[in-house]
Amino acid sequence: MSVALLLALPVVLPLGGAAFTLILRHHAALQRAVSTTTLVAILAVALAIGYRVTVDGTLVLQIASWTPRLGIVLVADRLTALMLVVSSVVTLAVLVYSSAQSVSENTERTPVAIYHPTYLVLVAGVSNAFLAGDLFNLYVSFEILLAASYVLLTLGGSASRIRAATTYVIVSLLSSVIFLAGIAAVYAAVGTVNLAELAVRLDQLPDSTRMGLELMLLVAFAIKAAIFPLSAWLPDSYPTAPAPVTAVFAGLLTKVGIYAIIRLETLLFPASQLETLLLAAAGASLVIGILGAVAQTDLKRVLSFTLVSHMGFMLFGIGVTTRLAIASTIYYVAHHITVQSTLFLAAGLIEHRAGTTNLGRLGGLAKAAPLLAVIFFVPAMNLSGIPPFSGFLGKVGLVEAGIGRGNTASWILVVISVLTSLLTLYAIAKIWNRAFWQKAPQGADIEKDGERVPALMYGATGALVVVSLLLTVLAGPLMHFTDEAARSVLDRSPYVSAVLGDDAADQLAWRIGDDGTRVEER
């Protein structure tokens, strides 16, 4: 298969599938068949891209044969390939899960026919964001995500969902305005929005100008990634949505923001002057998020606050910026996409089985639903960082990188990371004790309040549990893959050379060394 077809398919396939499912809106079974087939095909394409980048290096598609400086460019390296594969696995599992239940969670007014087209548009936006080779195309990806996510958040039309979605849209629009202003400022400063060309030209700007541009883009991406103090919108927006919607949002949408920050801090602004700010935001996210989780009494809100907290682990690695830190961050992103999505699907199973996610009204699930208990327990321990799971391996890598960097800020983040992991375990233990171990409170009847869970919902969630375990079993090859991805990301030359040629790569002023320091190239 040609490179052009490979890189175009992750975007073209879901958009084409969305059109077909919209035409088939009165035929639910055909909609499900088209959506499932489309996502299986995207997963196959993502695996093929992963193989090709391993063998051939960075892949580039210049749309309509325009030059990179003028046209749209799609670029795939190891980082892109891994994100595409993991996101494809999660979106496929979530689609299977949602096909087994009404995505409205028994709200009769939900226009279920629009779920499949909107969901596929969301997938197209995620894929396009990972492949985007210029800032404006990345902006378009965010807008696609915003439009699709607003529809998915408001499925059912209940007052709580409309209110939560309104907050989400207002915050997202603010982020988009800041991002668009940042793009305009970047173009005014250097005359291009192509990422590879920006990597060359931004090096030539005065430090004060570079820092201003970096800060504008960082704020926009930090809102998308729910980094504290720009994360207050998330715990109020996600829990009100249907379980499969919340799962794909929690797993993927915030990671698109983290992916953008990785590109920003390595390709465009290496050896950032904002390292201390990044580490401070990481520490605040870790602490505030996990304290919020400990204080919650609703399962979905606990998971939402842990999501905010664990975004701090990823930002910690980006702030440290050594090769080990970036490699561990990439591995941790793949881990967190899988595990966080699994936990929200498990929360949906609990709500389906018991009729609520309020911890005060839950109890006895370990006896009443032992399979559900196992499905929740494994990813919960993984999120907490219990050895030998992938969460533990990723955190060990980040802690080791922080110790290796050796400055005061890194040491402080190491301590905070360990404490956050312990508090995450406490929050998870609270959920387990109240929902699974203790007897149900007086007046609560799980058998009466809930309903039988379709086997396909168990199967989809269990499949993601298996994938999360594979991240542990295959940790050796995966860490080697992410290490090579980190080397390429920090070097910058492979990316720039693939898009613009070797002459442009020779103009790079510096790269980041394995120890996180800036190495002069000329």
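Working out 0.36 nm times the residue gap between residue 438 and residue 136, then minus their Cα-Cα distance, what length gain in nm do you get to one decimal?
So the extension gain works out to 103.5 nm.
Determine the relative contact order of the range 342-485: mean sequence separation of Cα pairs under 8 Å and six or more apart, normalised by residue count, in whole percent.
The value is 41 percent.
Taking 0.36 nm per residue of sequence separation and subtracting the Cα-Cα distance, how much length would be gained by fully extending the chain between residue 520 and residue 422, in nm to one decimal?
Taking 0.36 nm per residue and subtracting the Cα distance, the gain is 31.2 nm.
Over the chain, average the accessible area per residue using a 1.4 Å probe and give it in Å², no decimals.
Averaged over the residues of the chain, the accessible area is 36 Å².
Heavy atoms only, probe 1.4 Å: what % of the accessible area of the chain goes to carbon and sulfur, would you let me know?
After summing per-atom areas, the C and S share lands at 66 percent.
Only Lys, Arg, Asp and Glu count, each charged at its Cβ (+1, +1, -1, -1), so figure out the dipole size of the chain about its Cα centre, rounded to 20 debye.
Around 1320 debye, computed over the chain.
Just for the Cα atoms in the range 364-522, what are the lengths along the principal axes, largest first, rounded to whole Å?
73, 38, 24
Mind giving me the FRET efficiency for residue 29 and residue 371? R0 is 25 Å, r the Cβ-Cβ distance, nearest 0.05 is fine.
0.40
Mind checking which lysines have their Cα closer than 25 Å to the Cα of residue 439? Skip sequence neighbours fewer than 8 apart in that chain.
Leaving aside lysines fewer than 8 places away in the same chain, those within reach of residue 439 are 300, 367, 430, 448.
Placing +1 at every Lys and Arg Cβ and -1 at every Asp and Glu Cβ, with all other atoms neutral, what dipole size does the range 211-346 have around its Cα centre, in debye to the nearest 20?
200
When the distances between all Cα atoms of the chain are binned every 20 Å from zero, what whole-number percent does each bin get?
24, 59, 17, 1
Along the charge dipole of the chain, Cβ charges K/R +1 and D/E -1, which of 355, 289, 26 sits furthest on the positive end?
Value computed over the given set: 355.
The values are calculated or read from the model by the stated rules, or taken from the named source; none is laboratory data. Just so it is clear, the model here is predicted, and its values are computed rather than measured. Cβ sites come from the backbone with ideal geometry, for glycine too, and all protein chains shown count toward neighbours. Calculation scope for accessible area: heavy atoms of the full protein, side chains included, ligands and nucleic acids excluded. Shrake-Rupley method; radii C 1.70, N 1.55, O 1.52, S 1.80 Å.
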